[in-house]
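The values are calculated or read from the model by the stated rules, or taken from the named source; none is laboratory data. Not measured: the values here are computed from a predicted model. Neighbour counts run over all protein chains shown; Cβ positions are idealised from the backbone, glycine included.
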Amino acid sequence: MENIIYNFFSDDDFLRISNEIKKIEAKTSGEVRVSMKEKRTFSEKKKSLKELAEIEFVKLNMHNTRDKTGILIFVLFEERQFYILADDGINQKVEPNTWDDIRDEMQENFRNGKFLEGIKSGLQKIGSILEKHFPIKEDDTNELSNEIVLE
């Protein structure tokens, strides 16, 4: 069975997204991940999108960053939904509705069939926010992979 994610993104697109994450993390102590899941498993049927994002956040070890500055874009393709989840360190400094504004802009891109542009624009906006509130530190290390997670 072919993964439906490849109907929206190519391997080159995934590389572009990973490179965007790398550029963002060169300027901030934040840790950014993108996880794309084709569909829910049977055991996930009754969970909310936020709950699924929270599970993925922990699975990717994003809750263990030094300053609690992990942020996840979680995409659930079969349902055409996504969720932006930030860790406590970020949420203490950034208004929660900030993520709603980014979500709305990403959704507009997606509606117009611009999936790569949607993810990249969301990442760039997240990067600007992280750079403002969490500039890179002298002793900063890349705590998490920049690779996109595909399930």
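The residue of segment 43-74 that is modelled with the highest pLDDT, among those that are surrounded by 14 or more Cβ atoms within 10 Å (Cβ to Cβ) and among the hydroxyl-bearing types (Ser, Thr, Tyr), is Thr69. The residues of segment 113-141 that are among the aliphatic types (A, V, I, L, M) and either assigned to a loop (DSSP other than H, G, I, E, B) or more than 19 Å from Ser29 (Cα to Cα) (or both), listed by number, are Leu116, Ile119, Ile136. Against the list (1) touching a strand residue (DSSP E or B) at 6+ places or on another chain (Cβ under 9 Å); (2) small (Gly, Ala, Ser); (3) exposed (fewer than 13 other Cβ atoms within 10 Å of the Cβ), the condition Ser29 fails is (3). Only one entry of Phe82, Phe9, Phe77 meets the criterion of being at pLDDT below 95, more than 15 Å from the chain's Cα centre (by Cα), surrounded by 18 or more Cβ atoms within 10 Å (Cβ to Cβ) and not small (Gly, Ala, Ser), and that entry is Phe9. Take Gln124 and decide whether it is modelled with pLDDT of 95 or more, within 22 Å of Phe14 (Cα to Cα) and not aromatic (Phe, Trp, Tyr). Taking the combined requirement at face value, the residue satisfies it. Specify the residue that is farthest from the chain's Cα centre (by Cα); the eligible residues are those in segment 106-131 that are acidic (Asp, Glu) and either surrounded by 16 or more Cβ atoms within 10 Å (Cβ to Cβ) or under 22 Å from Asn146 (Cβ atoms) (or both). Per the stated criteria, the residue is Glu131. Being at pLDDT below 95 and either closer than 18 Å to Ser145 by Cα or part of a helix (DSSP H, G or I) (or both) holds for only one residue in Arg33, Arg103, Arg40, and it is Arg103. Going by what's in this entry, would Gly89 be described as touching a Phe, Trp or Tyr at 6+ places or on another chain (Cβ under 9 Å), more than 19 Å from Glu20 (Cβ to Cβ) and not in a loop (DSSP other than H, G, I, E, B)? Answer is yes for this residue. For Asp87, indicate whether it is under 30 Å from Phe42 (Cβ atoms) and either surrounded by 15 or more Cβ atoms within 10 Å (Cβ to Cβ) or modelled with pLDDT of 95 or more (or both). For Asp87, the condition - under 30 Å from Phe42 (Cβ atoms) and either surrounded by 15 or more Cβ atoms within 10 Å (Cβ to Cβ) or modelled with pLDDT of 95 or more (or both) - is met. Summed over segment 35-72, the residues that are within 15 Å of Asn142 (Cβ to Cβ) and of a type outside the set (D, E, K, R) give a count of 8.
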